[in-house]
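The values are calculated or read from the model by the stated rules, or taken from the named source; none is laboratory data. Model, not experiment: these values are computed from the prediction. Cβ: placed from backbone, ideal geometry, glycine included. Neighbour counts: every protein chain shown.
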Amino acid sequence: MPCVTWCAATLRGSWSAPPNAASHFRNPTDAVPLRASTVPDAGSLLQTGASLLWLPQAGLLAWALQGLLQGDGLPAVQIPAVGVLLVGLARAACDAWGARRAFRSARVRLSDLRAQVALALAARSPLDRARPASGLAASGMAEQAEAVVPYWTRYQTARLRVMVVPPVIFLAVLPLSWVAALVLMVAAPLIPLFMALVGWRAKAASDAQMVEMGGMNAFLLDRLRGLATLRALDAVDATVLRLRDAAHALKQRTMAVLRIAFLSSAVLELFSALGVAMVAVYIGFHLLGPFDFGAWGRRLTLGQGFFVLLLTPAFFEPLRELASVWHDRAAGEAALGALNRLAAQGIVLPGAVGPQQTPDLLAGKPARSTPAVEIQGLRLTHPGASHPVFEGYDLHVAPGEHLVIAGASGAGKSTLLALIAGLLPAQGGSILIDGVPLSAGSATALRTRMAWVGQKPHIFAGTVQANVALGRAPASAAAVVAALRFAALEGVAQAHPNVGLGEGGVGLSGGEAVRLALARAAVDPAVDLLLADEPTAHLDAATAAQVADALLQLAVGKTLIVATHDPVLAARVGRAGRIIQLAAARETPA
Ligand SMILES: Nc1ncnc2c1ncn2[C@@H]1O[C@H](COP(=O)(O)OP(=O)(O)OP(=O)(O)O)[C@@H](O)[C@H]1O
């Protein structure tokens, strides 16, 4: 079984359930879309308003030109000049303030999304094989997720501008010249059409790039974790070659995304340049005389023609801006998709979500007793498996009893321990710990009474002190020292409280890591149900004997359930306890 270690302790006390979280055991793998607001942000609205202020500025400039033409002299320029300056200042202020607001709100929304993804990931059972690899999850949440900030701040603002500014300019030009308005109307839809065609390819390329990046991160993390093994097997060169290939593939994907992004800009520049040129040619010839049509039977004044000319580039400006941020949309949507996939539900860790009973859920009881474990009619089939591991399985473990679960590999020993620890939801039957049914509501509280000692305890990057205490309140510095002494670790230089350990236990031997797991169990006086999954596997006889000593000493006055193939450990635990054989989902006397 993969190393499932102390998830209960790490989750305990740090979990606050979202109000809409489900409170029952659940198995499906449906995706729950992340909650992300699609309402235009106030910052985007402000920036769009700033763009519209170009209309009064253009009007004032045209007014000044017309005044000069009519010979009004300097007074004709003074008032418009002051107006242009004031409106320009207001425009710059709105733009800057809006950009700031949009950015801040995007960061808040991204933090909210990340929190949702982190909750969803933490709510999945450690036995869920479909859980995303940690490298993939870390890259999705940390690196790829950043792509949604430009998507919200730049792309969505640009999109809002495209929806508002060109129509307003069109309505301003139409009463002056239907020909100019017609040119704008014909040129404008061609741009989104070609952009959509290019964008469709861009999204596919961006998705592929994200997959490549996530895959490379997962590969890298996996190889870094297994560096010692790679060296031992002399496989470093082969790994370097594979990494080089992965990096090359990523480079090609990135270049494909960039190529498409540049193509979309080129398409847009072409159409907007053609649109501006056609309006300019029409206005020029209209003012000179040859084109005397297109102004609703009138002739445009120089001021009016100038006004139309000033507005035409502004008509295309939002579309050009949209093109320049088009790849932000592809990257942002791909990142949102990746976050949604990370937030997909899998096998739920009982008690990880939903309302929880407090650890003193046994308040109804006069005094807490050493727990009995009562299993009735247990049913479980792993997802995708053709045969059930348990089908109507019953087991009674008396309070304080020491039980060995033996049996062939694959019989379900580890699965049974995981079910008792509430790390996996049962599909039928009941598990009672000290008379309390194990359910989504009680799992967290019940786990406060349990300790899990696996064959490969997970060691976090951090000090020995932090690795033993795991954030639990009773684990004071003195208690940690006592627990390390109990686990016979005080003589190990690498196991002093302030020594830092590497991720995955770099710096500790396998036997020391198991003893550290025993120290974790010993440090918490609330623990009275010990679950040990092959604690002596892969250890030499002397270390296995040390681990067995510590385990038996720790189990005095507690209920102990050990799954093991080790005949020595089984005999020692069984001497004062009981040994059962687990086979084909049946309990048979040894
Ligand atoms: N997370 C999982 N997802 C799907 N199937 C699983 C999972 N864990 C175990 N299994 C399957 O369930 C069955 C029981 O596995 P389990 O690890 O409980 O056996 P075990 O008796 O502990 O074996 P061993 O002694 O080798 O550790 C096996 O057929 C295994 O392939």
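For the reader, a short list of remarks on this structure follows.
- Yes/no for VAL198 being surrounded by fewer than 18 Cβ atoms within 10 Å (Cβ to Cβ) and of a type in the set (Val, Ile, Thr): no
- Residue within region 571-585 that is away from the ligand (no atom under 15 Å from the Cβ), in a helix (DSSP H, G or I), in contact with a helix residue (DSSP H, G or I) (Cβ under 9 Å, 6 or more places away or on another chain) and within 23 Å of ALA406 (Cβ to Cβ) present: yes
- Single unsatisfied condition, LYS456 versus (1) within 29 Å of the chain's Cα centre (by Cα); (2) farther than 21 Å from PRO126 by Cβ: (2)
- Residues that are within 13 Å of the ligand (Cβ to nearest atom) number at least 1 in the following strands (runs of 3 or more DSSP E) confined to region 398-457: 402-406.
- Meets criteria (more than 16 Å from the ligand (Cβ to nearest atom), in the same structural domain as GLY502 (by TED's automatic domain parsing) and modelled with pLDDT under 90) for SER476: yes
- Region 516-545: number of residues that are buried (at least 19 other Cβ atoms within 10 Å of the Cβ) and either within 17 Å of VAL573 (Cα to Cα) or within 16 Å of the ligand (Cβ to nearest atom) (or both): 12
- Odd one out for ASP394, checked against (1) within 16 Å of the ligand (Cβ to nearest atom); (2) more than 39 Å from the chain's Cα centre (by Cα); (3) among the charged types (D, E, K, R): (1)
- Test result for ALA473, in contact with a Phe, Trp or Tyr (Cβ under 6 Å, 6 or more places away or on another chain) and among the small types (Gly, Ala, Ser): no
- Sole exception among (1) of a type in the set (A, V, I, L, M); (2) without any contact (Cβ under 8 Å) to a residue 40 or more places away in the chain; (3) under 30 Å from VAL240 (Cα atoms) for ALA181, by number: (3)
- Long-range neighbours under 6 Å by Cβ, at least six apart or interchain, first residue under 15 Å from ALA522 (Cα atoms) and assigned to a loop (DSSP other than H, G, I, E, B) within region 480-500, second of a type outside the set (Val, Ile, Thr) and modelled with pLDDT under 85: LEU489/ALA495
- Test: ASP72 is closer than 20 Å to ASN340 by Cβ and acidic (Asp, Glu): no
- Of the residues LEU171, LEU184, LEU197, the single one that is in a helix (DSSP H, G or I) and modelled with pLDDT of 95 or more is LEU171.
So that you can scan it fast, the table gives a plain yes or no per residue for (1) small (Gly, Ala, Ser); (2) modelled with pLDDT of 95 or more; (3) within 16 Å of the ligand (Cβ to nearest atom):
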| site | (1), (2), (3) |
| --- | --- |
| ALA106 | yes, no, no |
| ARG109 | no, no, no |
| GLN116 | no, no, no |
| ARG129 | no, no, yes |
| GLY140 | yes, no, no |
| GLN144 | no, no, no |
| ALA147 | yes, no, no |
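- Filtered by the rule that a residue be touching a Leu at 6+ places or on another chain (Cβ under 7 Å) and outside any helix (DSSP H, G or I), region 288-312 gives ALA295, LEU300.
- If only residues of region 458-479 that are part of a helix (DSSP H, G or I) and of a type outside the set (A, V, I, L, M, F, W, C) are counted, the one that is surrounded by the fewest Cβ atoms within 10 Å (Cβ to Cβ) is GLN465.
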